[in-house]
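Below is one structure, written out as structure tokens; the observations come after it.
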Amino acid sequence: MGQSLTFKLLREHLVDGELVPGKEIGIRIDQTLTQDATGTMAYLQFESLGFDRVKTELSVSYVDHNMLQADFRNADDHRYLQTVSARYGIWFSRPGNGICHQVHLERFACPGKTLLGSDSHTPTAGGLGMIAIGAGGLDVAVAMGGGLFYLTCPEVIGVHLKGKLHPWVSAKDVILELLRRMTVKGGVGKAFEYFGEGINCLSIPDRATITNMGAELGATFSIFPTDEETKFFLRAQGREQDFVPLSPDKDADYSDVIEINLAEIEPLIAKPHMPDNVVPVTEVQGLKVDQVCIGSCTNSSYRDMRVAALMLRNRTVSPEVSLTVSPGSRQVFTMMADDDTLYHLVKAGARILESACGPCIGMGQAPPSGGVSLRTFNRNFEGRSGTKNAQIYLTSIETAVASAITGVVTDPRSFGEYPFVEIPEEFIIDDSGLIPPLPDEEMKKVEVIRGPNIVPIQEIPPLPDTLTGEILIKLGDNVTTDHILPAGTRVLPYRSNIPKISEFVFEAVDPNFSARAKEKGGGFVIGGMNYGQGSSREHAGLAPAFLGIRAKIAKSFARIHRSNLINFGILPLIFKDMNDYERIEQGDVLTLENLHEALKNHYEITAKNLTKGFGFSLIHDLSNREAEIVLCGGKLNYTKALSNR
């Protein structure tokens, strides 16, 4: 059997381990990206590791999350990010230049390269033929210093796209269909590789929409081969020299193959409160809508904005609906202003927001109490919008705009002739929002400026051999990082202040959690299946570690969150017998003994429930390297120890 494109590229970058699904591998990273909500901590960690400059081919620091400058905190962090970028040889994307994934796709993504980003939607660049992986900031900091990125070698799932999309059906509906079939747990431990004649009807922005939302499957990454469409997009961006022909072998070996006939897909919508709660739009048609938000890293390309404008031409947004539009980048915004796109949107009554993540991460535009909001975003977790009882639906640009016009959820196929949009032969190129690295001799003279909100990194001690503590909270399946540590205007400004941000841990689930954890001196967290899905935010591991939590026990863990727990010295343990989950309760006191021996020798761990008087078995799936990281008290301690050997 031949090779998949995934394994071809992994093999080119493989430095440690074997390409066997389920085994740990270490790969070389060519590019990195950070955004400001995760980047501040990532660069503090990079500095603490003592590196003199970045060693990747290219690293970029984007400012696109914490854009609301209500006080000094976000502005100070932006100044820190700009000066630390200048000091260490990192590109800096200024506030207003755009969302990291959209800008990276336009200006930096290179077929055949590896990209590691401190944002879970980094796989967006897989639409341009990159192996692009989301990770915690500490993993990115190590990669910037030339270290390997370790991951579990994924199974490769082939997605065979056949046929052609009908008018009013778009790439967003394709990934919603895959989520409907696979669920938010279906991609854990897997990479999705798209192939087949159906690819020919998908532009690069279309492909990027699909790979972006592959993160919602729990996938390690998603990837498309390159072709004439790839070359066309790069040429339009003035980067044709970056094109590389990439494809799987004709007899490529996949762990499984999923067939999707594009001609059979209809407009779809994800109902509250999970991206996999997908039904046809016709099932909820007629539901009154209060708000529609267009944009985010999923659907904010020029193509998306143009379709919206053409649909709104000579029409008006319903007086019962608030429509917001977030262009994905300065380039997109400029092109909207250069033709009549912006005119039609404004004339129709849309509110034009900054080129930033904005409402997607709860940074403004919270819906009204109990309101229904249709969004072209990638996540609809409960409370993520800023209004806990809001009903958030995820859908395509076409369905969102049709519904904004009518005031109710509307099948866009009722709108007549479809406004096909061609990708421009030439995009407007203006990189003044990107500040390139300085020459080495100038770089070393730069003073890194730190505001008072930037607190020194907290040290995490080595893991004790025995852990005894109370079960502080017991949670169900599909707990998200938004549950563990929310985003939004109240929390995001404290991303560089761990003592302060720890006050918000599990706030949406149990407002007293942080105070109780401090009072008890730490303890245990219990979760169900797919614990920690969602964002790459390492603060969901770092803040609990600050509160003294050294072990979490669940039925299974999401990939990035599991890595973040390990990186900050928290032991991720799995129930051997899933029935034991039912036998324990919040408030029970547990003790775990002989942890060092168990981790080093891959033994089972016996947990004793001192409150109820029984024991139960726990297992860990840590590699030898991961076990050593946890025993050291996290990856910072581990990396520093390695450098001193």
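Counting only residues at least eight positions apart within a chain, or on another chain, the lysines with an alpha carbon under 30 Å from that of residue 23 are 8, 55, 113, 185, 190, 250, 552, 555, 576, 600, 635, 640. Peptides 569-578, 376-385 ranked from most to least packed, by the mean per-residue count of other Cβ atoms within 10 Å: 376-385, 569-578.
The mean sequence separation of alpha-carbon pairs under 8 Å and at least six residues apart, normalised by the residue count of the chain, gives a relative contact order of 14 percent. Electrostatic tally near residue 411: other residues with Cβ closer than 11 Å to its Cβ, Lys and Arg +1, Asp and Glu -1, net -2. With R₀ set to 45 Å, the beta-carbon distance separating residue 601 from residue 338 gives a calculated FRET efficiency near 0.10. With all protein chains in place and a 1.4 Å probe, the accessible surface of the chain carries 48 percent carbon and sulfur. What is the Cα centroid distance between segment 10-43 and segment 126-204, reported in whole angstrom? So the separation of the two Cα centres works out to 16 Å. Annotation note: trypsin sites (Lys or Arg not before Pro) in segment 1-49 located in DSSP loop regions with a Cβ neighbour count of at most 15 within 10 Å are 23.
When the helices of the chain are scored as -39500 (n - 2.57) per DSSP H run of n ≥ 4 and the total is divided over every residue, the value at 222 nm lands at -8000 deg cm²/dmol.
Heavy-atom accessible surface of the chain, averaged per residue, reaches 35 Å², computed with a 1.4 Å probe. A simple spin-label model places pseudo-atoms 7 Å from Cα toward Cβ; at residue 425 and residue 47 they are separated by 4.9 nm.
Distance between the pseudo-spin-label points of residue 593 and residue 283 (7 Å out from Cα toward the beta carbon): 5.2 nm. Count Lys and Arg as plus one, Asp and Glu as minus one, and take only other residues whose Cβ is under 15 Å from that of residue 402; the net charge is then -1.
Full extension of the chain between residue 249 and residue 490 gives 81.8 nm of extra length, using 0.36 nm per residue less the Cα-Cα distance. Spatially, segment 488-556 and segment 413-480 are offset by 18 Å when compared through their Cα centroids. Extension gain for residue 417 to residue 621 (0.36 nm times residue separation, less C-alpha to C-alpha distance): 68.0 nm. Taking label points 7 Å from Cα along the Cα-to-Cβ direction, residue 351 and residue 256 give a separation of 4.2 nm. Using a/c under 1.5 as the rounded threshold, could you call segment 77-230 rounded, prolate or oblate? The axes a ≥ b ≥ c are square roots of the C-alpha gyration tensor eigenvalues, and prolate needs a/b larger than b/c, oblate otherwise. Note, shape of segment 77-230 comes out prolate. Counted by Cβ distance under 13 Å from residue 200, the other residues give a net charge of -2, where Lys and Arg count +1 and Asp and Glu count -1. Extension gain, residue 55 to residue 240, is 64.1 nm, computed as 0.36 nm per intervening residue step minus the present C-alpha separation. Measuring nothing but how far apart in sequence close Cα pairs (under 8 Å, 6+ apart) lie, relative to its length, segment 590-645 scores a relative contact order of 26 percent.
The values are calculated or read from the model by the stated rules, or taken from the named source; none is laboratory data. The model shown is predicted, which means the values in this text are computed figures rather than measured ones. With ideal geometry, Cβ positions are generated from the backbone for all residues, glycine too; neighbour counts draw on all protein chains shown. Note: areas computed on protein heavy atoms with side chains; ligands, DNA, RNA excluded. Shrake-Rupley method; radii C 1.70, N 1.55, O 1.52, S 1.80 Å.
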